[in-house]
Every structure is written in structure tokens, then in C-alpha cells.
Amino acid sequence: KERITDIQEEARKKLARDLHDGPTQTIAAIAMRLNYARRLIERDPTAAGAEIHKLEDIARQTTREIRHMLFTLRPLVLESRGLVPALGQLAAKVAETHGQQVILEADPASDRGLNPRAQAVAFFIAEEAINNARKHAEARHIWVRLRMKEGFFVLEVEDDGVGFNVGAVDTNYEQRGSLGMVNMRERAELVSGMLRIDSSEGIGTRITIFVPLSEESAERLQRTGMPL
């Protein structure tokens, strides 16, 4: 219960940071530029019109960012249609909002046997991994792959970005906490799963979550520490 509370608190802090660094700053900038446009109207109507057009574009982008945040906070499609459609919608929204290409490789039955709680965990880990790749990896492409293998549900998020030294980041987590790796690992453990991070500088990153689909596979993971 304490771990669940900590994870929820971290999610609230993350949302507050994202709102502060994104829409809140942008809306403050819009207010300043509106004041500038108002003063321009009398002395240079043409320049004022151009400024207002820019403000319209900024306002539309801010609206997209807020809608994206609301979607990731509570993706209703996840509850109504399941994990695969939710990830498809997430990929579309990331492309629309941030211009980042996310390629989903999954068939409709990829999440079969995964209970709603595990689906929610998989979605939020995927969202966190995509967000990290978009912000930190300078990736051109992000792939999200789902499959079933030997009693486990497997989710991979891979990018072709700059990569990083996993050991160094783990050691200096307090300084690099924005990567959210501890949060992702703890979410995986809440559904008796395991998170694996593979990365090297210059070759990109692959984050994999293994979720056992039976008591036998859960026991095997607990006993050996290896899912496959």
C-alpha cells in the first residue's frame, strides 16, 4: 500500500511538473504577447495581425498538449477497448502533439490474458518510456512491440536515439530522476513483473516489461530472476 501511494504521489508530482514546464509557461507567454499585440494594433495593424496569427498557432498547440496530458492521465479507451487500441491512440497523439513517430507493432490479440490492472501498468510504462525517448534520446523513431512468449506478456519500447550508460544513470539516479526508471520498475513489480533496460551510448535504448500470465511463470520469475 505504501508503494502504491508513493507511485501515485510521484505521478501527481510528474503531472505538476509537466503542467508547470509546458502549458503554464506557454499561457503566460500568450498573455504577454497579447499585450504586445494590443499595443501594436494602433501603430502597426499589419504587424499586429501577424502577431495574432502566431498566437493562434501557439494556443492550438497548447490545447493539443493539454488534451494529450488528459489522455495519458486517464485513457478511457484503455478501460473500454483494451491495451492495443490505447497504445495506438497514444502513438497517434504523440505524433499529433509532438511530431514524434511512434510505430506500434501488435496484433489485436497481443494483450489476451492480461488483466485490466496489468494492462494499465503496461500502458503507463509504455507512456513513460515513450516520453523519455522523446525528451532525452533525440530519437527519430520509437517502436512499441507487444507479444506473448512462454507464459509471459512482453512489451518492448525501443528507440534509435543517443542511448545512455544504464549503470551510471542507476548510480546517479537522484540527479537523473527525470528518467523515471525507478517508477517504471516499481510499477512492473506491482503486477509481479520485471522491467529490463538495455542501452549503450550511441545505439539507442530498449525497455522491456515481462508480466507473468500464470502462477507457474510468476514462480519461475521469482525463483530464477529471469523470465525466459
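The values are calculated or read from the model by the stated rules, or taken from the named source; none is laboratory data. Note that the coordinates shown come from a computational prediction; the quantities given were computed from them, not determined experimentally. Cβ atoms come from the backbone with ideal geometry, glycine included; neighbour counts cover every protein chain shown. The area values use the complete protein model at the heavy-atom level, side chains included, leaving out ligands, DNA and RNA. Shrake-Rupley method; radii C 1.70, N 1.55, O 1.52, S 1.80 Å.
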Among the residues of region 112-131, are any small (Gly, Ala, Ser), open to solvent by 20 Å² or more (accessible area, probe 1.4 Å) and at pLDDT below 95? yes
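Suppose the filter is modelled with pLDDT of 95 or more, in contact with a Leu (Cβ under 9 Å, 6 or more places away or on another chain) and open to solvent by less than 20 Å² (accessible area, probe 1.4 Å); does LEU146 pass it? Walk me through it before giving the result.
Numbers: modelled with pLDDT of 95 or more: yes; in contact with a Leu (Cβ under 9 Å, 6 or more places away or on another chain): yes; open to solvent by less than 20 Å² (accessible area, probe 1.4 Å): yes.
So LEU146 passes the test.
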Quick one: in region 153-211, of everything that is basic (Lys, Arg) and either open to solvent by 60 Å² or more (accessible area, probe 1.4 Å) or touching a strand residue (DSSP E or B) at 6+ places or on another chain (Cβ under 6 Å) (or both), which residue is modelled with the lowest pLDDT? ARG176
Number of the condition not met by ILE103 [criteria: (1) open to solvent by 20 Å² or more (accessible area, probe 1.4 Å); (2) assigned to a helix (DSSP H, G or I)]: (2)
Just give me the residues in region 78-92 being part of a helix (DSSP H, G or I) and open to solvent by less than 50 Å² (accessible area, probe 1.4 Å), in sequence order. LEU78, LEU83, VAL84, PRO85, ALA86, LEU87, GLY88, LEU90, ALA91
For region 96-105, check the following and say yes or no: at least one residue is among the polar types (S, T, N, Q) and farther than 24 Å from GLU138 by Cα. no
